[in-house]
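A.B. asks: Pasting a structure below so you can have a look.
The values are calculated or read from the model by the stated rules, or taken from the named source; none is laboratory data. Note that the structure is predicted; figures quoted are calculated from it, not measured. All Cβ positions, glycine included, derive from the backbone under ideal geometry; neighbour counts span all protein chains shown.
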Amino acid sequence: MNSKTSARNPSLRSWLLVLVCLSTLLSLEATSPGQSSQNYQQPTDQGRSFYRIDVEDSIEAGLIEQELKVKPVLIRSRAFYYYGNEEANQLLRRYGYEPVRVKREDVLTRLVMVIRKKGTEEDLAKAGTTVVLREREYWVVRATLKQLQLLERLGFVVEELGRREPRPRQVRIVVPRLEQVAEVGGLRVDIYDTAKSEKGYVILGGAFDDSIDELKAAGFEVEILADPPGVVR
Amino acid sequence: MKTRTLLTGIILWIWATQNVLAQIDFTQYHTPATLASDLSNLATTHPSLSQMFTIGTSVEGRAIQGIKISTNPGVDDSAKGDVVFVGLHHAREWLAAEMPLRLAEYLLTNYATDPGLQGCMNNLQIWIIPVLNPDGYAYTADPNGYRYWRKNRRNNVDGTFGVDLNRNYGYQWGLDSGSSPNTSDDTYRGTAPFSEPETTAFRDFIAARHNPWAMLTYHTFSELFLRPWAYTTSDPPGEPTLAYVAQDSIGKIAAVHGETYGENIWYTSSGEATDYFWSQYRMGAFTPEMRPATGGLAGFSPPASQIIPNNEENLPAALALIHDAGCRALWIKDYAGDSGVEPSAVWTGAGWSHAFWVSPDISTIPVTLVGGSTVTLNVVVHNDAGVTKNGAVVRAYYTDPRISLEFPNPVAVLIGQQTVNLPAGDTTVTFSWTVPTGTNIWGEHHWCVGAIVLHPDDRPLTTQIQLSNNIGGRNFETVDALAGDRLLMVAITNHLDVPVEYEALINREKLPRGWEVVAPHLPPNPRPNRKALLLGVRSRVLEPGETVLQPVHLHVPETAQPGTKATIEVNGVLKPLVPGKRVPVGNGFVFEVRVPKCKPCKTRQ
């Protein structure tokens, strides 16, 4: 099919347009390891500036949203991040807050695939990223936008996860003391059940590799169990 | 004759078949579609008793639907109590949707034939929402989805999906000890408290209820019956009441198939639903973690043969909650004119509608209390059940009557506990009480006695006097205040764990002519509280644990006869500085003031 033909046929041209749009969408949604497409989406800031104020707790954050209509993008510890403008900041200053402009690239994170073609986990750690899952052909990495830019400069192939939603590993952890069950939960294990045994308390749960790494570093023995049906690694 | 028999047979067969068809099939798991249609069919089949309602839409735009069961389903009746059953915060916990559906079916099909159930349901609006997380539910049922998905389907716009709805509520949200800040984790708490439309819709739905008295939020699994707090291992205010209900429910569940539910989960969860609703409303809020007891990930998908026994054993616990909320049998009056209607008092903005701290059912012999003396404390318990209630527990406490008063409260002292059989009618339960000497720790001659009656057929679901028939309270003075003193002091302590706005208002209706009582506004806080600023609160704010002394000035006319007595009623209220509906808590003080016989009297040094 040549361009002349398509230009003369409006219906065919429409179809081609649809096909181009569809293929673009699909490439965003379902990239797979090995594809060398560029990569990952930058969340849009729609031209707005990104700020932080400090709040006492989540109740105060809720009151800011309710009374001043400033919606948080993220609350982490005592930091309340929002997209703002001078009007919103003036309003906040009237209540004693001190808005600080921050780079969202330093704050917001993304979860992406880093293809195992080049570099090591050590390099990823040096870049400040967190390996969430170690899959056969790629790592699932959590990184700020700035860190992602650094990875690309270092030559890593970074791609969107698309439909490859990360699934936690199934783990079994035996702890001798009851209070350690809460410690395990605090290290982000999704605890399914806990049963008492001769050796202590047997915890069955789900966890990602970053959590498992922390568990091991804290001295817990983690046994990885088989994945449930439908999980492909 | 044969034809008639045949016809009768056919009619009976059709009737029987229709009945069978009308029943919901619990031998297989529902799909999201069949669950929605079965729920809707229930409402269609029982239009005089039920109506579908929608509390909002999910993050992907699905309706979050429920069925309201009430004798006047089309009316939001402020005279009735509200009891809420919600299922499936977590998508993979399918049994948690089957149970509330079964409860709805049971209530609607048994109402007509069960007078006991009828009696309780007539006083209530029962709201059943089988699926709070419809997007997650759909994803777990989708062959292209994931059966073990837990969260909702929020696109976190960072390459991940989902927020754990039961870590997204606004009380103690954000603790790393009980939730995760990482978007990929199954316990991810969201960007902010109530960031999700599902939790916001549920919060707003409860806030819009007139009398939110009790809630069960169904989960699986582990066979536990959990109560607040979830965010900490420390006990919440009212722990004995919550424990009583939980343990009794466990007994009711075990009585069906012998499954013995536990009470502790051994780890913490922050931003959880029952914590929010207990902290906000003191509504009895519990989490049954249903079958199976163990099982790892597969525990979330037990065989369908488990649905019916799971429903069967959890039904009595749900019915008991409905009974306790809707059927008053054992009760203690909150004030002289109390007929047992709840709430017995509401904050009107100018005071409490009734002074609920003057129960006539709580009295002492002798009437005049002297510090250090041992007196007889009588508690009258009314039994309207018509039959003897064996094994009722009556507990009496005393406490400093500071404003945020509830029974039991963490600083209340147990005077005594008795297990008694309560015949129909009134029974006086007697305790021996050694009246505290001197003043309470705030320098007042005031104490408050609270009494609670508990029975497996009649359990309090809150700790607030005005919200429960099972609780009564009475403030006592150990010394008459002398009008010549011209100054009374009221101590107010903020027992809540959030800052509060405080108000003390005088009920002047009972004052003799010419008398004046003034409670001056306390000076503002030296450092303004930012939450108060945000809410536009200008009056005094008390931080958690803070106590202030509120002076109350008397102006007695010169013409007042020596020996004249007057009653001064101070209404106190604490309004928490929180987003959303600010539910006031409070108490009051009644001072008996006497004009001294000698005027002026010599002041004792």
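A.B. asks: Given the conditions (1) in contact with an Asp or Glu (Cβ under 7 Å, 6 or more places away or on another chain); (2) within 23 Å of B:MET99 (Cβ to Cβ), report the number of the one that B:ARG227 does not fulfil.
C.D. replies: (1)
A.B. asks: Can you name the number of the only condition in (1) more than 30 Å from A:LEU145 (Cα to Cα); (2) surrounded by fewer than 23 Cβ atoms within 10 Å (Cβ to Cβ); (3) in contact with a Lys or Arg (Cβ under 6 Å, 6 or more places away or on another chain) that B:SER70 fails?
C.D. replies: It fails just one condition, (3).
A.B. asks: Scanning for something buried (at least 24 other Cβ atoms within 10 Å of the Cβ), part of a loop (DSSP other than H, G, I, E, B), in contact (Cβ under 8 Å) with a residue 24 or more places away in the chain and within 9 Å of another protein chain (Cβ to nearest Cβ), does segment B:161-169 turn up at least one residue?
C.D. replies: So far as segment B:161-169 goes, yes, one or more of its residues are buried (at least 24 other Cβ atoms within 10 Å of the Cβ), part of a loop (DSSP other than H, G, I, E, B), in contact (Cβ under 8 Å) with a residue 24 or more places away in the chain and within 9 Å of another protein chain (Cβ to nearest Cβ).
A.B. asks: Additional query: Those residues that are within 14 Å of chain A (Cβ to nearest Cβ) and within 22 Å of B:GLU105 (Cα to Cα), I need them from segment B:266-301; list them, please.
C.D. replies: Within segment B:266-301, B:GLU289, B:MET290, B:ARG291 meet the criteria.
A.B. asks: Please tell me if B:ALA451 is under 29 Å from B:HIS210 (Cβ atoms), part of a loop (DSSP other than H, G, I, E, B) and among the small types (Gly, Ala, Ser).
C.D. replies: no
A.B. asks: Which helices (runs of 4 or more DSSP H) does segment A:52-118 wholly contain that include 1 or more residues that are more than 23 Å from the chain's Cα centre (by Cα)?
C.D. replies: Passing ranges, in order: A:58-63, A:86-94.
A.B. asks: Go through the residues of segment A:149-166 one by one and say whether even a single one is β-branched (Val, Ile, Thr), crowded, with 18+ Cβ neighbours inside 10 Å, facing chain B (nearest Cβ under 9 Å) and over 30 Å from B:GLY295 (Cβ atoms).
C.D. replies: no
A.B. asks: Could you pull out the residue among B:ALA285, B:ALA201 that is closer than 19 Å to B:HIS89 by Cβ and in contact with a Phe, Trp or Tyr (Cβ under 9 Å, 6 or more places away or on another chain)?
C.D. replies: From the options B:ALA285, B:ALA201, the qualifying one is B:ALA285.
A.B. asks: Of everything in segment A:188-230, what is more than 21 Å from B:ALA293 (Cα to Cα), surrounded by 15 or more Cβ atoms within 10 Å (Cβ to Cβ) and touching a Phe, Trp or Tyr at 6+ places or on another chain (Cβ under 8 Å)? Give them in sequence order.
C.D. replies: Across segment A:188-230, the qualifying residue is only A:ARG188.
A.B. asks: If you take the residues in segment B:134-150 that are within 16 Å of B:PRO197 (Cα to Cα) and either in contact with a helix residue (DSSP H, G or I) (Cβ under 6 Å, 6 or more places away or on another chain) or of a type in the set (Gly, Ala, Ser) (or both), which one is farthest from the other protein chains (Cβ to nearest Cβ)?
C.D. replies: It comes out as B:TYR137.
A.B. asks: Looking at segment B:516-530, is at least one residue modelled with pLDDT of 85 or more, closer than 21 Å to B:ARG282 by Cβ and surrounded by fewer than 13 Cβ atoms within 10 Å (Cβ to Cβ)?
C.D. replies: no
A.B. asks: Mind checking which residues of segment A:91-126 are at pLDDT 95 or above, in contact with a Leu (Cβ under 6 Å, 6 or more places away or on another chain) and more than 9 Å from chain B (Cβ to nearest Cβ)?
C.D. replies: Answer for segment A:91-126, where residues must be at pLDDT 95 or above, in contact with a Leu (Cβ under 6 Å, 6 or more places away or on another chain) and more than 9 Å from chain B (Cβ to nearest Cβ): A:LEU91, A:PRO99.
A.B. asks: Cβ contacts < 6 Å: first residue closer than 22 Å to B:PRO309 by Cβ, restricted to segment B:102-115; second residue in a loop (DSSP other than H, G, I, E, B), any location; separation 6+ or different chain. Result?
C.D. replies: B:GLU105/B:ILE24; B:LEU108/B:HIS46; B:LEU108/B:LEU49
Residues are listed down the side, and each one gets a yes or a no for (1) assigned to a loop (DSSP other than H, G, I, E, B); (2) within 14 Å of another protein chain (Cβ to nearest Cβ); (3) touching a strand residue (DSSP E or B) at 6+ places or on another chain (Cβ under 7 Å):
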| residue | (1), (2), (3) |
| --- | --- |
| B:ALA201 | no, no, yes |
| B:HIS210 | yes, no, yes |
| B:TRP213 | no, no, yes |
| B:SER222 | yes, yes, yes |
| B:PRO228 | yes, no, yes |
| B:THR232 | yes, yes, no |
| B:PRO240 | no, no, no |
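A.B. asks: Let me ask another. For segment B:522-554, give me each residue that is in contact with a Lys or Arg (Cβ under 7 Å, 6 or more places away or on another chain) and free of Cβ contacts under 8 Å to residues at least 40 places away in the same chain.
C.D. replies: Of everything in segment B:522-554, those that are in contact with a Lys or Arg (Cβ under 7 Å, 6 or more places away or on another chain) and free of Cβ contacts under 8 Å to residues at least 40 places away in the same chain turn out to be B:LEU522, B:PRO524, B:ASN525.
A.B. asks: So which residues in segment B:290-331 are crowded, with 18+ Cβ neighbours inside 10 Å and among the charged types (D, E, K, R)?
C.D. replies: Residues satisfying the conditions are B:ARG291, B:GLU313, B:ASP324, B:ARG328.
A.B. asks: Turning to a different aspect of this structure: So, of the residues in segment B:170-185 that are surrounded by fewer than 24 Cβ atoms within 10 Å (Cβ to Cβ) and touching a residue at least 24 places away in the same chain (Cβ under 8 Å), which turns out to be farthest from the other protein chains (Cβ to nearest Cβ)?
C.D. replies: My answer is B:LEU175.
A.B. asks: A further question follows. Residue check, B:THR388 against (1) modelled with pLDDT under 90; (2) more than 19 Å from the chain's Cα centre (by Cα); (3) polar (S, T, N, Q), all met but one. Which one?
C.D. replies: (1)
A.B. asks: Tell me yes or no: at least one residue of segment A:177-190 is farther than 16 Å from B:ASP185 by Cα, within 12 Å of chain B (Cβ to nearest Cβ), more than 14 Å from the chain's Cα centre (by Cα) and of a type in the set (Val, Ile, Thr).
C.D. replies: Scanning segment A:177-190 turns up at least one residue that is farther than 16 Å from B:ASP185 by Cα, within 12 Å of chain B (Cβ to nearest Cβ), more than 14 Å from the chain's Cα centre (by Cα) and of a type in the set (Val, Ile, Thr).
Let's see how each residue does on (1) more than 19 Å from B:HIS90 (Cβ to Cβ); (2) not assigned by TED's automatic domain parsing to the domain that holds B:SER222:
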{"site": "B:ALA243", "(1), (2)": "yes, no"}
{"site": "B:GLY251", "(1), (2)": "yes, no"}
{"site": "B:ALA255", "(1), (2)": "yes, no"}
{"site": "B:THR260", "(1), (2)": "yes, no"}
{"site": "B:GLU263", "(1), (2)": "yes, no"}
{"site": "B:TYR267", "(1), (2)": "no, no"}
{"site": "B:ALA273", "(1), (2)": "no, no"}
{"site": "B:TRP278", "(1), (2)": "yes, no"}
{"site": "B:LEU297", "(1), (2)": "no, yes"}
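A.B. asks: Output the residues belonging to segment A:130-146 that are within 13 Å of another protein chain (Cβ to nearest Cβ) and either over 21 Å from A:GLU214 (Cα atoms) or among the β-branched types (Val, Ile, Thr) (or both).
C.D. replies: Residues satisfying the conditions are A:THR130, A:VAL131, A:VAL132, A:VAL140, A:VAL141, A:THR144, A:LEU145.
A.B. asks: A further question follows. From B:THR463, B:THR478, grab the single residue that is crowded, with 20+ Cβ neighbours inside 10 Å and more than 17 Å from the chain's Cα centre (by Cα).
C.D. replies: Sole residue among the options that is crowded, with 20+ Cβ neighbours inside 10 Å and more than 17 Å from the chain's Cα centre (by Cα): B:THR478.
Here is a yes/no grid of residues against (1) without any contact (Cβ under 8 Å) to a residue 40 or more places away in the chain; (2) surrounded by fewer than 23 Cβ atoms within 10 Å (Cβ to Cβ); (3) under 25 Å from B:ALA97 (Cβ atoms):
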residue: B:HIS257; (1), (2), (3): no, yes, yes
residue: B:LYS333; (1), (2), (3): no, yes, no
residue: B:SER339; (1), (2), (3): yes, yes, no
residue: B:VAL346; (1), (2), (3): no, yes, no
residue: B:SER353; (1), (2), (3): yes, yes, no
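A.B. asks: Scan A:LEU63, A:LEU148, A:LEU91 and give me the residue that is touching a residue at least 24 places away in the same chain (Cβ under 8 Å) and not assigned by TED's automatic domain parsing to the domain that holds A:ASP213.
C.D. replies: A:LEU148
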